Every structure is written in structure tokens, then in C-alpha cells.
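Enquirer: Below is a structure I'd like to ask you about.
The values are calculated or read from the model by the stated rules, or taken from the named source; none is laboratory data. Just so you know, these numbers come straight off a predicted model, no measurement behind them. Because the Cβ atoms are built from the backbone with ideal geometry, glycine has one as well, and the counts that use them run over all protein chains shown.
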Amino acid sequence: MSGYLSIRFGDVHWRVRADAADSLFDREGLRLPTWLRGGQASIVKQGPHRTVYRVQLPERSVYVKHYRVADTRAMLSQWAQSSKGRREWNRIAQAAGSSIPTPVPLALGEQRRAGLVLENFLVTEAIEGVEQLDQFVQHALPRISEPDQSRARRRLAEELAELAARAHVAGIINPDLHSGNVLVRQCGNDVELFLIDLHAAAAARRLGWRRSRSDLLALGIDFLTLARGIDRARFLRHYVRLRRELGFDWKEVAADLDDDLWRRARWHWRKLDYRCVSNNRRFFYRNIGVANGYAVTELGEATLLALLRDPDAPFRNPAAVVIKESPSTSVIRLPMAVGGRSTEVIYKRFNCTKWVDRLKATLHHSPALRAWQAGHGLLNRRLPTPRPLAVIERTPHALVRETYVITQALSDSMNLRDYMIDVVAHLPADERRRRVRFLVRAVARLVRQMHDRYTSHRDLKAANFLVTTSGADDEHPQLQLIDLAGVQIWRRLPKARRVQNLARLLLSLFSCPNVTRSDGVRFLRAYQPGRSTGSSGWKQLWRELEPLMLRKIEKNRSLSRPLT
């Protein structure tokens, strides 16, 4: 690379672009401490191995990646290969040489002692006007009206295929390739993509289909949940067309690739599920003897320790609003500091009214811990649910007693049953029919997504769907899953559990006003395209559901319980 200077500050050797040297360095070295004191630098990502800062300078914004050597293994890895900063520096240069849009590198710094590279730094210029690919698909793309949205989806699939094909032709293979490492800039009806975070990328002289396929599977996991099947097909067709040297038609590999993608996704999701019950940069665990719990890092250690010492303190808070009070559970809503801001949360206590409840919670997972793991499991699979913030278990005398779960509250929301009664029932007749049909189909699609992603809910009913709206005139309210103690994540979801979920939910929907048996047919037809139901039609599915529904009706009648 031309136009770069070599500078040394103590034992840190720098290679810096000439036009950026004055703005990045002073007499003592990189200006990072000054930027932090002055508020120009903010932490974007932090962990034991790496901290990423965004720095706002007068003439530009930059990202500073500070790589640490946390242990002997990392030190030996850098000795055998090269520092992570240098590896990313080299991959960026390789990508730029193949016309792959990437951040512009400004400086590389390596701390060298006794022939070893220890801490190292990489400074890159920020790309303005972009957002991560997953955020764009989830939030920006749905706001584009048709037919522009369909054109944007098609263009996005083709641009992503072109980006992946260029990288593979250039010999760049990235095991950390995912939607968070691709940035999108919207330019009218067109999109522009950028590849970032290449520290884990490797170079190969020749990249055949086997190694390219592994990269595509890593990227494809996100698009099982973010993209439609037709968008994934467009991506693969365009990718194979750009790489004619592979020598096959995209249809020959599409089915096998899709099957392998689902297998890889199951493994990936189950791996992520363990994060919420361990110590890492997103979650932490504390145990004070009489209570223990997990929390997200934004909640803060001081807050969790205070709740462990007195888990019932929020119920005495004057700002708390009682939502539910029953022998088994108590639920309140109150403000709580999360990430330095006051945030409305739902605080739920599971009461242990019988000694057998304490024994079951001790031998198995408590209901609060099940809800905590299920909530993060659903979020890992991109299924909508309020984010769990903490879980607490009281454990006096080695037995689990009361357990508590804290979740983020959603504004302008109510459960689906109440929404049907209090909002939909009062709409004009034509609008009421449209709203009921939209909600029935939306619920069916959400349940289909749950089952496709190997999750079930044994108490799936209308009251366990949360409707979030911008008012009664919102024609397309959003749905969220709540009350997650009954959620189970499977390696293979049995058909019997799918059918039980559908039967329970259909009975609950039929108990809502203005929901007819014709809406039940619409529900099954909207659910039926799901991957898990095979080729049988909705009529066959109805015949399987009917005995279960009749059995549930008879059971509730014998116990004098209403169907809800």
C-alpha cells in the first residue's frame, strides 16, 4: 500500500496512512485515552479478547479495534500466524484488490516484545449511512412499499450473491461470515453492500465448491429466519451463475444445501442457547448462597445483587402497577434502570405454594429459569418475544422456592384475547372482519415459524400472544409470544406436539368473539405451507385436531373451567 508511514511509540510499531497520522496520533501515541476522556470515543463492543471503539473526529469517524492477548494460547497463535489486526489488514487489502467494498484501513499497531506480538490495534474509516444487513431486512425493508419492496429484495439477494462470489473468487474464506458482518447502504431503489470484520478470514489459492459451500452455510443460517425461500433461491442461482467454473446448475445442489442449512441451523441455535446460562460478555451469573440468578450485562451487577438480597423489594415499590395476582404467580410492571436508562419491565414471581413444587423446581428447572432460557432461545431463532433481562431463584436450605423473571415491557400492548374483546369487537363490521382475518393468519404464520424452528408451547392460547399496536387504527399489529414457562426447544419436534399446540390454540381462538369456523380454516391454510406438515392438506390436519379439541372441551367441562 502506498502513502503509508512507519511510526514507533515505545514498543508499539505503527503503520499509518500519511494523511491520517496527525489526527490519530500525538506525541505519546494513539489519541485513544484523550478521545475517551473527551467523550469522542464510545465502546461499540467489549470482551476479554477485543474492544471496539467508535471515534467521532472533526473530519471523519473511525473505528479502533484493540485486540488483547488474553492467554498463552492466543500468544502462541499470533506467533505461529500473525496478529489479528495484521490478518484483517491483509484481508482488507486482498478484498480491495478484487473490488470488494470494505472499510478503508488507516493504521495498524503492534506491540512487540522479545520477538512476540502482544496487543495490537487496527484503525479503519467508518462507512457512513449504513446499517447491518439483519437490521435492514428486519426493520428498513418492511417499511418500503410495494412494488419497490419486492424489487429491493431481489436486488439485495443478487448483490449479496455477487459479494460472496467475488470474495470466493479472490480466495477469501470467512468462517465468521454472518449478516452482522455485512453492511447495507440504501441508494434510492438500489442497495450497496460492504464486507466488514475480516479478522477471522483466511486466504486460499483456489476456493472450490466444498469450501465455498461451508461459507455459504455460515451466511445462510441468518437467512433461514430473515429471508423467504424464493430469496434464498435467487441468491444461489445468481451465485452459481457468477461462478461458472463450478460446472453445475444451481438446481442440482439447492435441495441438499437447504437440508444441510437446517442441520447447521439446529446446531448453531443450540450452541447459542447455552450463552444465557453462563458468564460471557452478554450475560453474567451471581450466587449469594440464599439466592442466585442470571442477568444481561446491561442490567448491571449492583442491581442484580440488590435483587438477590431482597427479590420481593420491587413489589413494595410505590411505582409498581399490579397486573396479576393469583396463588401461583404475581406480576407487576415498574420502571428499572437498564443500560443507564429507566426502562419499563415486567417483574413476575412464581410462588411455591406446595412442597412438591419446591422439589420439582430443585430437581428440574424452575418455571422462571425455563422462561428465561426459552425467551433467549426464541430470540436466537428470531421469534418475537419480549427480551428477558434477569432470572432469580431463592434457594434457602438448598431447595428452590420462589423464582422470579424480569422481562422488558412493551408499550401499547395487550394480549390477543383482550385485544379481540376490547378493540376488534368495537370496530365497524367490514374493518372487524379484515382485522380478525389478518390476526388469524398472522398467528398461524407465527406458530408455523415456531414449529419450523423446532419450538413448541404446551399452553398455546390467545392470552399468550401479545399484540403491539400504534392505536386502534393500526391495521397490521405485531404479535409477540409471552408466558414462556411452557415453551420447549426440541432436537426433533414430534408431530404429536405440533398437533396438540394447534388444537389448544384453535379452541382458544374460537372462544374469542367474532372468530368463526371459517377463520379456523383460514388459520390451517395459513399454517399449512410450513416445512413440517408435509404434503397433507388442511382437511387431513383438521381430522387430526378434532379429537384433541373434543377431549379438551370435555376435560374443561368436567372441571368447570372456561375455555380461554
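Enquirer: Which one is nearest to W14 (Cα to Cα), of the residues in the range 44-95 that are among the β-branched types (V, I, T) and at pLDDT below 90?
Expert: Filtering the range 44-95 for residues among the β-branched types (V, I, T) gives 44, 51-52, 55, 62, 64, 69, 72, 92.
With at pLDDT below 90 added as a condition, the list becomes 44, 69, 72.
Values: V44: 23, V69: 18, T72: 24 Å.
Step by step, filter the range 44-95, then rank; the result is V69.
Enquirer: Which is part of a helix (DSSP H, G or I), surrounded by fewer than 18 Cβ atoms within 10 Å (Cβ to Cβ), among the hydrophobic types (A, V, I, L, M, F, W, C) and in contact (Cβ under 8 Å) with a residue 60 or more places away in the chain, of A140, A93? Show your work before the answer.
Expert: Details: A140 fails: in contact (Cβ under 8 Å) with a residue 60 or more places away in the chain.
Selected residue: A93, the only one of A140, A93 that is part of a helix (DSSP H, G or I), surrounded by fewer than 18 Cβ atoms within 10 Å (Cβ to Cβ), among the hydrophobic types (A, V, I, L, M, F, W, C) and in contact (Cβ under 8 Å) with a residue 60 or more places away in the chain.
Enquirer: Turning to a different aspect of this structure: Can we say M420 is crowded, with 17+ Cβ neighbours inside 10 Å, over 21 Å from the mean Cα position of the chain (by Cα) and either modelled with pLDDT under 90 or outside any helix (DSSP H, G or I) (or both)?
Expert: Working: crowded, with 17+ Cβ neighbours inside 10 Å: yes; over 21 Å from the mean Cα position of the chain (by Cα): yes; either modelled with pLDDT under 90 or outside any helix (DSSP H, G or I) (or both): no.
For M420, the condition - crowded, with 17+ Cβ neighbours inside 10 Å, over 21 Å from the mean Cα position of the chain (by Cα) and either modelled with pLDDT under 90 or outside any helix (DSSP H, G or I) (or both) - is not met.
Enquirer: Take the residues in the range 6-53 that are of a type in the set (K, R) and closer than 21 Å to G180 by Cβ; name whichever of them is surrounded by the most Cβ atoms within 10 Å (Cβ to Cβ). Outline the logic, then answer.
Expert: Residues of the range 6-53 that are of a type in the set (K, R), as a first pass: 8, 15, 17, 27, 31, 37, 45, 50.
Remaining after also requiring closer than 21 Å to G180 by Cβ: 45, 50.
Numbers: K45: 13, R50: 17.
Ranking the candidates gives R50 first.
Enquirer: Mind checking which residues of the range 468-500 are part of a helix (DSSP H, G or I) and either buried (at least 20 other Cβ atoms within 10 Å of the Cβ) or of a type in the set (A, V, I, L, M) (or both)? Before you say what the answer is, go through the steps one by one.
Expert: Filtering the range 468-500 for residues part of a helix (DSSP H, G or I) gives 484-486, 495-500.
If the condition is that a residue be part of a helix (DSSP H, G or I) and either buried (at least 20 other Cβ atoms within 10 Å of the Cβ) or of a type in the set (A, V, I, L, M) (or both), then L484, A485, A496, R498, V499 are the ones that fit.
Enquirer: Further, regarding this structure: Could you list, in sequence order, the residues of the range 370-397 that are over 17 Å from V338 (Cα atoms) and among the small types (G, A, S)?
Expert: A371, A374, G375, G377
Enquirer: Then there is this: Name the residue that is surrounded by the most Cβ atoms within 10 Å (Cβ to Cβ), counting only residues in the range 175-224 that are closer than 16 Å to A265 by Cβ and of a type in the set (S, T, Y).
Expert: It comes out as S179.
Enquirer: Considering each of P327, P367 in turn, give the residue that is at pLDDT below 95, touching a Ser or Thr at 6+ places or on another chain (Cβ under 9 Å) and buried (at least 21 other Cβ atoms within 10 Å of the Cβ). Outline the logic, then answer.
Expert: On the way: P327 fails: buried (at least 21 other Cβ atoms within 10 Å of the Cβ).
Every option except P367 fails the conditions.
Enquirer: Continuing with this model, one more query. Could you figure out which of (1) surrounded by fewer than 16 Cβ atoms within 10 Å (Cβ to Cβ); (2) assigned to a helix (DSSP H, G or I) isn't true of N279?
Expert: Checking N279 against (1) surrounded by fewer than 16 Cβ atoms within 10 Å (Cβ to Cβ); (2) assigned to a helix (DSSP H, G or I), the one that fails is (2).
Enquirer: Now, a different point. Among the candidates G339, G293, single out the residue that is in contact (Cβ under 8 Å) with a residue 40 or more places away in the chain and surrounded by fewer than 16 Cβ atoms within 10 Å (Cβ to Cβ). Give the derivation first.
Expert: On the way: G293 fails: surrounded by fewer than 16 Cβ atoms within 10 Å (Cβ to Cβ).
The conditions single out G339.
Enquirer: May I pose another question? In the range 143-163, what residues are at pLDDT 90 or above and surrounded by fewer than 16 Cβ atoms within 10 Å (Cβ to Cβ)?
Expert: Of everything in the range 143-163, those that are at pLDDT 90 or above and surrounded by fewer than 16 Cβ atoms within 10 Å (Cβ to Cβ) turn out to be R154, R155.
Enquirer: What about R166, is it charged (D, E, K, R), within 25 Å of the chain's Cα centre (by Cα), surrounded by 15 or more Cβ atoms within 10 Å (Cβ to Cβ) and in the same structural domain as D231 (by TED's automatic domain parsing)?
Expert: Working: charged (D, E, K, R): yes; within 25 Å of the chain's Cα centre (by Cα): no; surrounded by 15 or more Cβ atoms within 10 Å (Cβ to Cβ): yes; in the same structural domain as D231 (by TED's automatic domain parsing): yes.
Taking the combined requirement at face value, the residue does not satisfy it.
Enquirer: For the range 373-393, does any single residue satisfy the condition of being small (G, A, S) and either without any contact (Cβ under 8 Å) to a residue 60 or more places away in the chain or assigned by TED's automatic domain parsing to the domain that holds L479 (or both)?
Expert: First pass over the range 373-393, keeping only residues small (G, A, S): 374-375, 377, 390.
Then drop every residue that is not either without any contact (Cβ under 8 Å) to a residue 60 or more places away in the chain or assigned by TED's automatic domain parsing to the domain that holds L479 (or both), which leaves none.
Among the residues of the range 373-393, not one is small (G, A, S) and either without any contact (Cβ under 8 Å) to a residue 60 or more places away in the chain or assigned by TED's automatic domain parsing to the domain that holds L479 (or both), which makes the answer no.
Enquirer: Still on this model: Does the range 503-523 include one or more residues that are assigned to a loop (DSSP other than H, G, I, E, B), modelled with pLDDT under 90 and closer than 29 Å to P428 by Cβ?
Expert: Looking only at the range 503-523, we keep the residues that are assigned to a loop (DSSP other than H, G, I, E, B), and these are 511-516.
Next, only the ones that are modelled with pLDDT under 90 stay: none.
Scanning the range 503-523 turns up no residue that is assigned to a loop (DSSP other than H, G, I, E, B), modelled with pLDDT under 90 and closer than 29 Å to P428 by Cβ.
Enquirer: Related question: Give the residues of the range 373-431 that are over 22 Å from A462 (Cα atoms) and in contact with a Gly (Cβ under 7 Å, 6 or more places away or on another chain), sorted by residue number.
Expert: A390, V391, I392, E393
Enquirer: Please work out if T34 is modelled with pLDDT of 90 or more and closer than 13 Å to N120 by Cα.
Expert: Details: modelled with pLDDT of 90 or more: yes; closer than 13 Å to N120 by Cα: no.
So T34 does not fit the description; no.
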